[in-house]
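In what follows, a single structure is set out as structure tokens and then discussed.
The values are calculated or read from the model by the stated rules, or taken from the named source; none is laboratory data. The structure displayed is predicted, hence computed values, not measured ones. Here the Cβ is made from the backbone with ideal geometry for all residues, glycine too, and neighbour counts use every protein chain on show.
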Amino acid sequence: MSFVFALTVAAVFVYAGVAKFATFDNWTFQARALGAPDPFVVLVPLAEIALAVLLVGGWWFDQTVAASLLLLSAFTVLLLVRLRDPERLPCSCFGATSQRPMSWLDVARNVILIAALIAAYLTK
């Protein structure tokens, strides 16, 4: 069961990372508008794809789950902070495919992914 949970999160990470690279100019513009520093603009999609590979491969599983939880928690905190803004920018969670303004649905998605990671860890 652990693999199913890990695979689910990995699939979302791969989709998000590839979508960011596929629309890199748009992603960098949106990420900077959200306040992301330049090094993170490139590192986020790389980290998402690397974590996905590690989750599916099962290598350094505990550390990979911890890093994935940290990344998703950081994304969730950013969403919660930005949801307080009067003007809601696009989430850009999935590159240019994310054109709608951020919402509580994005927070809910992250909470579900966090729960899936915890379930993956607990059922290993």
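Of all residues in the stretch 1-53, those being among the aliphatic types (A, V, I, L, M) and either exposed (fewer than 15 other Cβ atoms within 10 Å of the Cβ) or farther than 25 Å from Leu83 by Cβ (or both) number 17. Arg88 passes every criterion in (1) surrounded by fewer than 13 Cβ atoms within 10 Å (Cβ to Cβ); (2) over 14 Å from the mean Cα position of the chain (by Cα) apart from (1).
When residues in the stretch 88-124 are screened for being within 26 Å of Val42 (Cβ to Cβ), modelled with pLDDT under 90, of a type in the set (D, E, K, R) and out of contact with any strand residue (DSSP E or B) (no Cβ under 6 Å at 6 or more places or on another chain), 1 of them pass.
Pairs linking a residue in the stretch 57-72 that is more than 22 Å from Val111 (Cβ to Cβ) to a residue that is buried (at least 16 other Cβ atoms within 10 Å of the Cβ), with Cβ atoms under 7 Å and 6 or more positions apart or on different chains, are Trp60/Leu54. Scanning the stretch 44-54 turns up at least one residue that is among the charged types (D, E, K, R), closer than 20 Å to Ser98 by Cβ and in a helix (DSSP H, G or I). Scanning the stretch 91-111 for residues that are part of a helix (DSSP H, G or I) and either among the charged types (D, E, K, R) or within 12 Å of the chain's Cα centre (by Cα) (or both) yields Gly95, Asp106, Val107, Arg109, Asn110, Val111.
Name the one entry in Val14, Val9, Val4, Val44 that is over 14 Å from the mean Cα position of the chain (by Cα) and within 19 Å of Asn110 (Cα to Cα). Reasoning before the result, please.
On the way: Val14 fails: over 14 Å from the mean Cα position of the chain (by Cα); Val9 fails: over 14 Å from the mean Cα position of the chain (by Cα); Val44 fails: over 14 Å from the mean Cα position of the chain (by Cα).
Sole residue among the options that is over 14 Å from the mean Cα position of the chain (by Cα) and within 19 Å of Asn110 (Cα to Cα): Val4.
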